[in-house]
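Each remark here refers to the structure printed beneath this line.
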Amino acid sequence: MPEEQAQTSIPEMVDDVRAGKMPRRNFIKKLTTMGISAAGVGAIVATAAGPSASALISHTHMNNHTEKKHIELHNQHLIHQGNRNTGALQNDYSEHAVVEDSLYREPLVGHAAIMSRKNVIMQATSDGNITLKNRIAHGNQVVAEWVARGTHTGDLPGLPASGRPFELHGVTVVVRHEGKIVREALYYSVDELRRQLS
C-alpha cells in the first residue's frame, strides 16, 4: 500500500474534499484502491458533500501486526455494542474523541456526548443489528462497510418513533491512537433513513 494512503485517514480526506483541497475524482480513486466496495465509496462520497469538523489525528504508518490489533479492537467494540455494554463502549473512546454522524448537526466530542448518542440509538432500535459486509484496516484506521437492520421503536434526532422496520447501508471509519478511538465517522444516507421511517 502506498505510504500516503496509510498516513491519511478517510475522515481527513473527506475534510480535504469539503475544503476543495482534494478533487473528488482522486478521492474516489483512493477509496477504491483501499478495497472499499462501490456501495461503500458511494456512501462516503455522498456524505462528503456536508460540513465536518477536523480532529487532530496521529499520522503514523502501521505495520501488519498493528492493523490486526485494530481489527481485534473493532471486534471487541462490536461485541460490546451488540451486548449494549455502555461501560465498555465508553472505555473504548479516548477522553476527547470526536464522532461524526449525519443525524447530528455538530460532531460529538467527549465521552458524555458520544455515550448520549449511543444511548439514543440503542433506545431507538430495540431489535437493531449490524451485519458487516466488508472490513479493512489501513494504518491506524478500520473501514467497516455494514448493513443495519431493525425496528424504529424510539426517537432519533428529527425522527419520532415510527414502529417501522429499516435497512440502512453505510460505512464507519474508526481511527485509533494508543488503542483508543480518537475519531469515528459514519457515512450513510440520512435521506434514505428518513424515507424508510416517515
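The values are calculated or read from the model by the stated rules, or taken from the named source; none is laboratory data. Please read all numbers here as calculations on a predicted model, not as lab measurements. All Cβ positions, glycine included, derive from the backbone under ideal geometry; neighbour counts span all protein chains shown.
Identify the residue in region 118-135 that is surrounded by 16 or more Cβ atoms within 10 Å (Cβ to Cβ) and within 13 Å of the chain's Cα centre (by Cα) and, among all such residues, is nearest to Lys69 (Cα to Cα). Before the answer, list the steps.
From region 118-135, those surrounded by 16 or more Cβ atoms within 10 Å (Cβ to Cβ) are 118, 120-121, 124-125, 128, 130, 135; that's our starting set.
Filter once more, so that each one left must be within 13 Å of the chain's Cα centre (by Cα): 118, 130, 135.
Numbers: Lys118: 24, Ile130: 21, Arg135: 13 Å.
Per the stated criteria, the residue is Arg135.
Under 9 Å by Cβ, and 6 or more places apart or on different chains, what pairs join a residue from region 146-174 that is within 30 Å of Met13 (Cβ to Cβ) with one that is in a loop (DSSP other than H, G, I, E, B) and aromatic (Phe, Trp, Tyr)?
Pro157/Tyr104
So, in region 151-165, exactly how many residues are buried (at least 16 other Cβ atoms within 10 Å of the Cβ) and under 18 Å from the mean Cα position of the chain (by Cα)?
Adding up the residues that qualify gives 1.
Failed condition for Leu103, given (1) farther than 24 Å from Gly35 by Cα; (2) in contact (Cβ under 8 Å) with a residue 60 or more places away in the chain; (3) surrounded by fewer than 16 Cβ atoms within 10 Å (Cβ to Cβ), with all others met?
The failed condition is (3).
Only residues that are part of a helix (DSSP H, G or I) and among the aliphatic types (A, V, I, L, M): list them for region 91-126, please.
Within region 91-126, the subset part of a helix (DSSP H, G or I) is 91-92, 111-124.
Result: Ala112, Ala113, Ile114, Met115, Val120, Ile121, Met122, Ala124.
If a residue must be part of a loop (DSSP other than H, G, I, E, B) and modelled with pLDDT under 90, how many such residues does region 72-87 contain?
Start the filter on region 72-87 by keeping residues that are part of a loop (DSSP other than H, G, I, E, B), which leaves 83-85.
Those still in the list that are modelled with pLDDT under 90 too: 83-84.
Here the count works out to 2.
Does Arg176 count as surrounded by 22 or more Cβ atoms within 10 Å (Cβ to Cβ) and over 17 Å from Ile36 (Cβ atoms)?
Details: surrounded by 22 or more Cβ atoms within 10 Å (Cβ to Cβ): yes; over 17 Å from Ile36 (Cβ atoms): yes.
It is true that Arg176 is surrounded by 22 or more Cβ atoms within 10 Å (Cβ to Cβ) and over 17 Å from Ile36 (Cβ atoms).
Please go through region 16-58 and give me each residue that is out of contact with any Leu (no Cβ under 9 Å at 6 or more places or on another chain), modelled with pLDDT of 85 or more and buried (at least 16 other Cβ atoms within 10 Å of the Cβ), ordered by number.
Of everything in region 16-58, those that are out of contact with any Leu (no Cβ under 9 Å at 6 or more places or on another chain), modelled with pLDDT of 85 or more and buried (at least 16 other Cβ atoms within 10 Å of the Cβ) turn out to be Asp16, Val17, Met22, Phe27, Ile28, Lys30, Leu31, Met34, Ile36.
Considering Ala113, Ala97, which residue is modelled with pLDDT of 90 or more and in contact with a Gly (Cβ under 8 Å, 6 or more places away or on another chain)?
On the way: Ala113 fails: in contact with a Gly (Cβ under 8 Å, 6 or more places away or on another chain).
Among Ala113, Ala97, only Ala97 is modelled with pLDDT of 90 or more and in contact with a Gly (Cβ under 8 Å, 6 or more places away or on another chain).
Answer with yes or no whether His111 is free of Cβ contacts under 8 Å to residues at least 24 places away in the same chain and either surrounded by 15 or more Cβ atoms within 10 Å (Cβ to Cβ) or aromatic (Phe, Trp, Tyr) (or both). Break it down stepwise before answering.
Working: free of Cβ contacts under 8 Å to residues at least 24 places away in the same chain: yes; either surrounded by 15 or more Cβ atoms within 10 Å (Cβ to Cβ) or aromatic (Phe, Trp, Tyr) (or both): yes.
Yes.
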